[in-house]
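For reference, the structure discussed in these notes is given below.
The values are calculated or read from the model by the stated rules, or taken from the named source; none is laboratory data. Nothing here was measured: the structure is a model prediction, and the numbers come from that model. Methodologically, a virtual Cβ is constructed for each residue, glycine included, from the backbone with ideal geometry; neighbour enumeration extends over all protein chains shown.
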Amino acid sequence: MPTNSLPNRPRPFAVLLLAGATGLAGCGDSGGLAADLPGRMEFVPAEVALDAGGSGRVALHNRGGATLGPIDFVISGVRDAAGNSVPGAFLSVVPSSVSTLNAGAVRQLDLQLTASNNLQPGPYDIGIDAVAGDGTRTVLDVRLDVAEGTLAARVSALRIVDPPSTARQGDVSALGVSALDEDGAPLSGVAVHWSVHPAHMGYVSSTGQFVGFEDGNARIVARAGLVADSVAITMEDRDVTLPLDLVGGTLREDRYTSDLWVHGSVAYSGTWGVRQTSGPPTAGNVLNVWSLSDPATPEWTGSIEVDARTVNDVKVREDGRLAVITHEGSNDGLNGITILDLADPLQPTVIGRFTEGLESGIHNTWIDGDFVYLVLDGLGNGMRVLSIENPASPRVVGRYYGGSSFLHDIYVREGLAFLAHWDAGLIILDVGHGAAGGSPSNPVEVSRIALDGEVHNAWYWPESGYVFVGEEDFSTPGRLHVVDIRNVLQPRAVADFQVDGETPHNFWLDEDRGILYAAWYTRGVQAVDVTGTLLGPLHRQGRVMASMQYGEKNAACRAPGGTCTWAPQLHRGLLYASDMNAGIVTLQPGS
Amino acid sequence: MIGRGARPTSPAVHLALAAAVTCCAAAGCSDPEPRSRSSPTVYVTSGFDDWILALDASTGELLDTLHLDRRFGEPDEPHGVAVDPAGRHLYATLSHGQPSLWKFELPGHRLVGRLDLDLRGAARIRILPGGAVGYVPDFWRSGQGEVSDVAVVDLEEMEIIHWITECPAPHDALPDAEGKRLAIICPGSGELVTLNLDSRTQGPRFELGGMPMNAAWDPDPESGTVYISLKGVDSVAVVHTAGDLHAGGRVRRVPVGKAPTQLEATPDGRRLVVANRGDRTVSVLDLTEFELPELHRVELPGEHPHGVAISADGATAYVTWEGTTATPGGVAAIDLASGRILWSREAGSYVLGVAVTPDSPSA
């Protein structure tokens, strides 16, 4: 939907209905409920079975005497009978939140389960936790039973074909079956129910893709109707570890540090929000410049002050000749970007500030040659593409808005733009790739995948066909999603990675070694082995190579001394990570 | 300037607005007995701290902090704030990320509602006298002249019941004291657009120029007069919206400080308080005189005065200053009789909106 139109405007007939409803609701009583009682939510029914299409409906009542709101829904992953989260399966609730629920009021909620891959026969469970603004909560159990196909009843013999006897933890084995009917004729298209025993040993998909979680012995069972076969697989330890040593860093506590970009022997870091220090509070109105003449210990060499309260992002063009920094919360209300000349990398000079049409604020940016991709703050604004062929006189040449939500971040590679479009999901645009005839001045949507909201950032790895997508959700908490775009027209969520109690931030991928470095706020830097085929929960597969929480344990993210990692970048063998509290930390990945 | 005259509006508009007004007139929508409190409370929003501070109106003492940090790690920018006339609820807009309208119960500050607004940038929240309907304009700063909306919100159900689409980047949409007229201020086109809420027709439009930002109706509803800050020409426009629209002479300008923004009239209609964003001052104008002479020019402790609220007894104005990218913002209480600052305090970064509960300090 490449427009600037906003969604969900009531049609005139809807206005009539709403106006009437308002008159009733606003002036009505609360059905005799005692006003001195607190609000109390209740789902009716208390348990919902989705239909074969994955749809269902439930009512949310306020049985108490006081208004509750807003009511947000925290939705668990879709879990199979073994308790494993099913990759690529998500339940959505419409509306996604309830603005307010007065005493005695009822809201109907529609439930819909979507899955990137076919679900295999069997029961699935999802939990919905409804949480009101004052902390009142209630839980709904949602169940889906996927029936066996009609072909299953005709199977008289089933055999797992050429299974491996051993497999390494986290490696994916493609299992197949041979199914025969009572006449010994092969059957194709039989829906096989796969399972792993014991369940904690692994996960197997509807197509027989198996991944093991732990070392030891596992038994894989394939069943169709009353017929089954099983094989034993010995799981071996993945044994991937990465020494990740803290070798240096900075202590820059006057402002919160935001994004980081390293080029040559210089690092550039933005600043964020308002920090209360021992003196007056300071805002994120500077770009800091650091010399890496001693690579392990960045040395602050100066800063550029701009009209902003947050310089959220900084990017350096690949040739190192210019940089772009973003403005939010400027005094003059114009925001926009500042383009810097890096002829002397340690002494950037301002080429100019560009604000026209960018007054809402710029949150993130990406430079691809002579084009700058900009994330314009706010619903309905979306992306702008600037031509910086003449950096002193940039001009807007392209724009795109994906609808539903605000845009948060952009990553451009090989003619594809990956838009982290928050609740609209991951949106892939052709900006020169050829898949859809797009260009920077005419971005064309290729495909999108909703995931489960709060899509924050993305990194595309062409060699593997995977996009690593960050979900910044502080409630569930968020996780890293792996999206397979080998068919770019049909992206599929295939795996995820999560860390208990914390949500991810930005990523950097060492594509030579297949190591994903993920900033994880209080949990520091996570180094994850992403080699090979990826399936299911990566955090259960022995793929964590290092987890570096370099600050004080149990400290809050923006507490002095705490770990609060924002963005990593691998550069010349060192991993630099911006930290909101400290500035930059330098880590040495081992071999 | 002469207005462009009335334009018809759709029946849907009429019905939506009529329903709202009717509801406000019904007893069921309002609390007949405003709650008692020892002292009014002042609320100020900090756009870059993602909070609302609740302050004792008499002393500036911090009573509570309401966090509107919807997206930790992202500035959400609380912007406008208002208390309904009965003092039962506090409303605030978030203008960044997913713009939204938040509703808190008073007293106690229990969060009871949050409405996502399909707006590019939610500006102020203004409330009809009965307290049942609010107006939130879409101050679409990046719109480059494209028209954007005013959301009409049923505050009981926290639902959008209508969109008003009149002009580019409206910043303020203010009903008059009787809920009969609505003034929409359009910086993007330099206009004042009026709607007649009671007769359900469009009122006159006025081309004001000078980058109008905010409005204050004269408390006397018979006058039909609205005061509008003209940020670009350092003055306040006095616009007479009632009577013959083609008689001319219905708009005049009164100079104030530099780059005025919010302004409010005292309930008795004797004073107009104007925050002059460009020169860290507040103008107190005498509305009893035709020329609106400036009685006081009060210098604030910080840069960029922004929000104005006035106590129910009309004696005190509460004025915020945004601060700068290098200095904090805050709020000051000004004695309107003397022009003296009674108290002031810092309140965060990018301090914008301000509201005060209707309790009288002497109550």
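As an exercise: evaluate A:TRP566 against (1) over 19 Å from A:VAL467 (Cα atoms); (2) assigned to a loop (DSSP other than H, G, I, E, B); (3) not acidic (Asp, Glu) and give the number of the one condition it does not meet.
In the conditions (1) over 19 Å from A:VAL467 (Cα atoms); (2) assigned to a loop (DSSP other than H, G, I, E, B); (3) not acidic (Asp, Glu), A:TRP566 misses (2) alone.
Would you point out the residue of the range A:340-361, among those that are under 23 Å from A:GLU299 (Cα atoms) and assigned to a strand (DSSP E or B), that is nearest to the other protein chains (Cβ to nearest Cβ)?
My answer is A:VAL350.
Could you go through the range A:77-99 and let me know if any residue there is at pLDDT 55 or above and facing another protein chain (nearest Cβ under 8 Å).
Within the range A:77-99, one or more residues are at pLDDT 55 or above and facing another protein chain (nearest Cβ under 8 Å).
Tell me which of these B:ASP234 doesn't satisfy, since it passes every other one: (1) in contact with a helix residue (DSSP H, G or I) (Cβ under 9 Å, 6 or more places away or on another chain); (2) on the phi > 0 side of the Ramachandran plot; (3) not aromatic (Phe, Trp, Tyr).
Single failed check for B:ASP234: (1).
Tally the residues that are surrounded by fewer than 18 Cβ atoms within 10 Å (Cβ to Cβ) and either out of contact with any strand residue (DSSP E or B) (no Cβ under 9 Å at 6 or more places or on another chain) or farther than 21 Å from A:SER206 by Cα (or both), restricting the search to the range A:139-165.
Of the residues in the range A:139-165, 4 are surrounded by fewer than 18 Cβ atoms within 10 Å (Cβ to Cβ) and either out of contact with any strand residue (DSSP E or B) (no Cβ under 9 Å at 6 or more places or on another chain) or farther than 21 Å from A:SER206 by Cα (or both).
So, in the range A:63-72, of the ones that are surrounded by fewer than 20 Cβ atoms within 10 Å (Cβ to Cβ) and either in contact with a helix residue (DSSP H, G or I) (Cβ under 9 Å, 6 or more places away or on another chain) or without any contact (Cβ under 8 Å) to a residue 60 or more places away in the chain (or both), which residue ends up farthest from the other protein chains (Cβ to nearest Cβ)?
So, considering only residues that are surrounded by fewer than 20 Cβ atoms within 10 Å (Cβ to Cβ) and either in contact with a helix residue (DSSP H, G or I) (Cβ under 9 Å, 6 or more places away or on another chain) or without any contact (Cβ under 8 Å) to a residue 60 or more places away in the chain (or both), the one farthest from the other protein chains (Cβ to nearest Cβ) is A:ARG63.
Tell me which of these A:SER330 doesn't satisfy, since it passes every other one: (1) touching a residue at least 40 places away in the same chain (Cβ under 8 Å); (2) part of a loop (DSSP other than H, G, I, E, B).
Exception for A:SER330: condition (1).
For B:ILE160, indicate whether it is surrounded by fewer than 24 Cβ atoms within 10 Å (Cβ to Cβ), in contact (Cβ under 8 Å) with a residue 40 or more places away in the chain and in a strand (DSSP E or B).
Considered against the rule, which asks whether it is surrounded by fewer than 24 Cβ atoms within 10 Å (Cβ to Cβ), in contact (Cβ under 8 Å) with a residue 40 or more places away in the chain and in a strand (DSSP E or B), B:ILE160 comes out as no.
Mind telling me which of the residues B:ARG205, B:ARG277, B:ARG250 ends up being crowded, with 19+ Cβ neighbours inside 10 Å, touching a Cys at 6+ places or on another chain (Cβ under 9 Å) and basic (Lys, Arg)?
It is B:ARG205.
For A:THR297, work out the one condition from (1) in a loop (DSSP other than H, G, I, E, B); (2) under 22 Å from A:PHE371 (Cβ atoms); (3) more than 14 Å from every other protein chain (Cβ to nearest Cβ) it doesn't fulfil.
(2)
Which members of the range B:96-138 meet the condition of being surrounded by 24 or more Cβ atoms within 10 Å (Cβ to Cβ), within 7 Å of another protein chain (Cβ to nearest Cβ) and among the small types (Gly, Ala, Ser)?
Scanning the range B:96-138 gives B:GLY113, B:GLY121, B:ALA132.
Could you list, in sequence order, all residues of the range A:385-430 that are part of a loop (DSSP other than H, G, I, E, B), touching a Leu at 6+ places or on another chain (Cβ under 7 Å) and under 22 Å from A:ILE325 (Cα atoms)?
Across the range A:385-430, the qualifying residues are A:PRO391, A:PRO394, A:PHE406, A:LEU407, A:HIS421.
Looking at B:VAL308, B:VAL351 in this structure, which one is touching a strand residue (DSSP E or B) at 6+ places or on another chain (Cβ under 6 Å), surrounded by 24 or more Cβ atoms within 10 Å (Cβ to Cβ), in contact (Cβ under 8 Å) with a residue 24 or more places away in the chain and away from chain A (no Cβ under 13 Å)?
Numbers: B:VAL351 fails: away from chain A (no Cβ under 13 Å).
That would be B:VAL308, the only listed residue that is touching a strand residue (DSSP E or B) at 6+ places or on another chain (Cβ under 6 Å), surrounded by 24 or more Cβ atoms within 10 Å (Cβ to Cβ), in contact (Cβ under 8 Å) with a residue 24 or more places away in the chain and away from chain A (no Cβ under 13 Å).
Which count do you get for residues in the range A:389-406 that are surrounded by fewer than 17 Cβ atoms within 10 Å (Cβ to Cβ) and not aliphatic (A, V, I, L, M)?
The number of residues fulfilling the criteria is 4.
Please go through the range B:152-204 and pick out each residue that is within 14 Å of chain A (Cβ to nearest Cβ), of a type in the set (Gly, Ala, Ser) and over 17 Å from the mean Cα position of the chain (by Cα).
B:GLY188
I'd like to know if the range A:413-426 contains one or more residues that are under 16 Å from A:LEU374 (Cβ atoms), over 18 Å from the mean Cα position of the chain (by Cα) and among the basic types (Lys, Arg).
No, the range A:413-426 contains no residue that is under 16 Å from A:LEU374 (Cβ atoms), over 18 Å from the mean Cα position of the chain (by Cα) and among the basic types (Lys, Arg).
Within the range A:461-488, restricting attention to residues that are over 12 Å from the mean Cα position of the chain (by Cα) and more than 19 Å from A:PRO87 (Cα to Cα), which residue is surrounded by the most Cβ atoms within 10 Å (Cβ to Cβ)?
A:TRP461
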